[in-house]
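One structure below.
The values are calculated or read from the model by the stated rules, or taken from the named source; none is laboratory data. Predicted, not measured: the structure shown is a model, and the values here were computed from it. Here the Cβ positions follow ideal geometry from the backbone for every residue, glycine too, while neighbour counts run over all protein chains shown.
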Amino acid sequence: MTAKELVSGGYAANTEPKLYTLAPILDDGPDVLDVHDVPGMEDIRLCELELVYEDALHRTAILRADNLLDPAAPEIPHGPRLIRASFEFKTPAAAQPHAVDISPPASLALECSDDFVVVNDWLIKRHFFASRDAAA
């Protein structure tokens, strides 16, 4: 992956900070990969998840696959807390997939800043924005 541009707390200085959630990955499963209503996005895959177990050792694990939400992939565990998700998506204009990393509560890293509008549209439509009450 090439250098990423970090979008933290919103895209512009005058926007209210955004809070992200990874709950849709567990709640909605493969439906989060639906892009039929996201203009400019042809396909998206969940390629990596970082998990932390809320036990005495605070163990972490990183799951990697071509697509962790593929029906043939093992089920994502519901016990640990999801702390980072990495997706790769295709746009009509790009020859290669671009990456986006989401690390709640407020970090979004884009491989290409030009992808912000299309990624933001997908995040809204797939409910990756947390309410302020839920994040508190």
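Miscellaneous remarks
- Tabulated pairs, the stretch 38-49, first free of Cβ contacts under 8 Å to residues at least 40 places away in the same chain, second of a type in the set (Gly, Ala, Ser) and surrounded by 19 or more Cβ atoms within 10 Å (Cβ to Cβ), C-beta under 8 angstrom, 6+ apart or interchain: Glu48/Ala85; Glu48/Ser86; Leu49/Ala85; Leu49/Ser86
- Scanning the stretch 32-50 for residues being crowded, with 18+ Cβ neighbours inside 10 Å and over 13 Å from the mean Cα position of the chain (by Cα) gives a total of 3.
- Members of the stretch 99-136 that are at pLDDT 95 or above and of a type in the set (Lys, Arg): Lys125, Arg126
- Tally, over the stretch 18-75, of residues that are acidic (Asp, Glu) and not in a loop (DSSP other than H, G, I, E, B): 6
- Among the residues of the stretch 45-69, those that are touching a helix residue (DSSP H, G or I) at 6+ places or on another chain (Cβ under 9 Å) and either at pLDDT below 95 or within 20 Å of Leu110 (Cα to Cα) (or both) comprise Arg45, Leu46, Leu49, Asn67, Leu68.
- Scan the stretch 78-133 for residues that are among the hydrophobic types (A, V, I, L, M, F, W, C) and part of a strand (DSSP E or B) and the total you get is 12.
- Within the stretch 82-95, considering residues that are out of contact with any helix residue (DSSP H, G or I) (no Cβ under 8 Å at 6 or more places or on another chain) and at pLDDT 95 or above, the one surrounded by the most Cβ atoms within 10 Å (Cβ to Cβ): Phe87
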